[in-house]
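Below: one structure, written as structure tokens.
The values are calculated or read from the model by the stated rules, or taken from the named source; none is laboratory data. This structure is a prediction, so every number in the text was calculated from the model and none was measured. As a convention, Cβ positions derive from the backbone with ideal geometry for all residues, glycine included, and neighbour counts pool all protein chains shown.
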Amino acid sequence: MSIIESNDLHLYYGNNEALKGITMDFDQGGITALIGPSGCGKSTFLRTLNRMNDLIPSVTITGKVTYKNNDIYSPKTDIVTLRKQIGMVFQQPNPFPFSIYENVIYGLRLEGKHSKEELDRIVEESLKAAAVWDDVKDKLNKSALSLSGGQQQRVCIARVLAVQPEVILLDEPTSALDPVSSGKIENMLLELKDDYTMIMVTHNMQQASRISDKTAFFLNGDLIEYDKTKKIFLNPGQKETEDYITGKFG
């Protein structure tokens with residue numbers, strides 16, 4: 001069963017049409033990779049799924065996005081609740097300038113949770129799930145900004161996990177990191193994929209083929225092809241997909 005669907009989704013920046021009628025659905029669980037050259041619409045599409053484009057002036061959106069059959073662009077949608085259910089991890093690690101502990105519980109504080117016992121438990125569980133607990137367990141009161149880039153990104157993922165989302169959007173989560181840190185994050189995502197629906201923008205073809213279950217190829221604001229990752233990489237149905245994957249353009 002699909003957890004998120006887009007239907008004939010168009011997005012305009014002013015008069016420029018950045019998404020040209022995208023229809024897709026995402027099943028519960030697993031990792032979907034969104035690939036394509038720079039400026040093809042994949043990050044723009046990702047941000048439509050939890051209304052991050054609302055923050056950009058001059059954006060017009062038509063069509064529909066539903067999460068659990070509810071139209072997320074309905075005036076009745078509570079955006080704070082939506083972004084709790086559909087969390088986001090950005091390209092650059094963006095920890096807040098406070099302790100590691102306070103970073104992880106930031107969303108819980110907003111919800112009014114204050115029980116130290118409960119917060120301690122959630123911090124440990126979230127940092128363990130984000131594969132960074134062993135690195136930071138003895139320095140939870142130190143600034144998150146004192147960590148390496150890879151550790152910061154995993155703390156940011158723990159911050160998303162702490163509020164128990166169902167969907168995690170990842171916008172090139174490893175592109176600013178070294179190969180060792182990237183590998184740790186990839187392994188962590190594979191550990192989490194049975195429990196969360198993950199949709200990830202990546203420029204890295206090897207990463208998409210290694211960790212995703214399904215892959216969607218975007219080009220010039222169009223969805224060209226969307227299928228199981230193995231099929232997209234080994235036997236694509238469209239010539240543009242094949243040309244992109246084999247490096248003829250990009």
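Taking the stated definitions as given, is P93 surrounded by 21 or more Cβ atoms within 10 Å (Cβ to Cβ) and either among the small types (G, A, S) or assigned to a loop (DSSP other than H, G, I, E, B) (or both)?
Values: surrounded by 21 or more Cβ atoms within 10 Å (Cβ to Cβ): yes; either among the small types (G, A, S) or assigned to a loop (DSSP other than H, G, I, E, B) (or both): yes.
For P93, the condition - surrounded by 21 or more Cβ atoms within 10 Å (Cβ to Cβ) and either among the small types (G, A, S) or assigned to a loop (DSSP other than H, G, I, E, B) (or both) - is met.
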Exercise. Assuming D243 fulfils every condition listed in (1) buried (at least 17 other Cβ atoms within 10 Å of the Cβ); (2) over 21 Å from S2 (Cα atoms); (3) not polar (S, T, N, Q) apart from one, which condition is it?
Worked result: (1)
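Looking only at segment 25-72, filter to residues that are charged (D, E, K, R) and free of Cβ contacts under 8 Å to residues at least 60 places away in the same chain; which one of those is nearest to L9 (Cα to Cα)?
Filtering first and then ranking leaves K64.
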For this session: Test T44 against the stated conditions and say whether it is assigned to a strand (DSSP E or B) and in contact with a strand residue (DSSP E or B) (Cβ under 8 Å, 6 or more places away or on another chain).
Result: no
Exercise. Given the conditions (1) surrounded by fewer than 16 Cβ atoms within 10 Å (Cβ to Cβ); (2) more than 26 Å from R159 (Cβ to Cβ), which single one is not true for L19?
Worked result: (1)
Exercise. Is there a residue in segment 66-83 that is assigned to a loop (DSSP other than H, G, I, E, B), at pLDDT below 95 and among the β-branched types (V, I, T)?
Worked result: no
Exercise. Restricting the first residue to segment 132-149 and requiring it to be touching a residue at least 24 places away in the same chain (Cβ under 8 Å), which pairs with a second residue that is part of a helix (DSSP H, G or I) and among the small types (G, A, S) meet a Cβ separation below 8 Å and a spacing of at least six or different chains?
Worked result: V132/A158; K139/S146; S148/S181; G149/S181
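Taking the conditions exactly as written (touching a Phe, Trp or Tyr at 6+ places or on another chain (Cβ under 7 Å), among the aliphatic types (A, V, I, L, M) and assigned to a helix (DSSP H, G or I)), does L127 satisfy them or not?
Numbers: touching a Phe, Trp or Tyr at 6+ places or on another chain (Cβ under 7 Å): yes; among the aliphatic types (A, V, I, L, M): yes; assigned to a helix (DSSP H, G or I): yes.
Yes: the conditions hold for L127.
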For this session: State which residue is surrounded by the fewest Cβ atoms within 10 Å (Cβ to Cβ) when the search covers only segment 133-160 and only residues that are touching a strand residue (DSSP E or B) at 6+ places or on another chain (Cβ under 8 Å) and not in a strand (DSSP E or B).
Result: N141
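Return the only residue of T202, T197 being out of contact with any helix residue (DSSP H, G or I) (no Cβ under 9 Å at 6 or more places or on another chain), in contact (Cβ under 8 Å) with a residue 40 or more places away in the chain and either buried (at least 18 other Cβ atoms within 10 Å of the Cβ) or not basic (K, R) (or both). If you could, list the steps in order and put the result at the bottom.
Numbers: T202 fails: out of contact with any helix residue (DSSP H, G or I) (no Cβ under 9 Å at 6 or more places or on another chain).
Testing whether each residue is out of contact with any helix residue (DSSP H, G or I) (no Cβ under 9 Å at 6 or more places or on another chain), in contact (Cβ under 8 Å) with a residue 40 or more places away in the chain and either buried (at least 18 other Cβ atoms within 10 Å of the Cβ) or not basic (K, R) (or both) leaves just T197.
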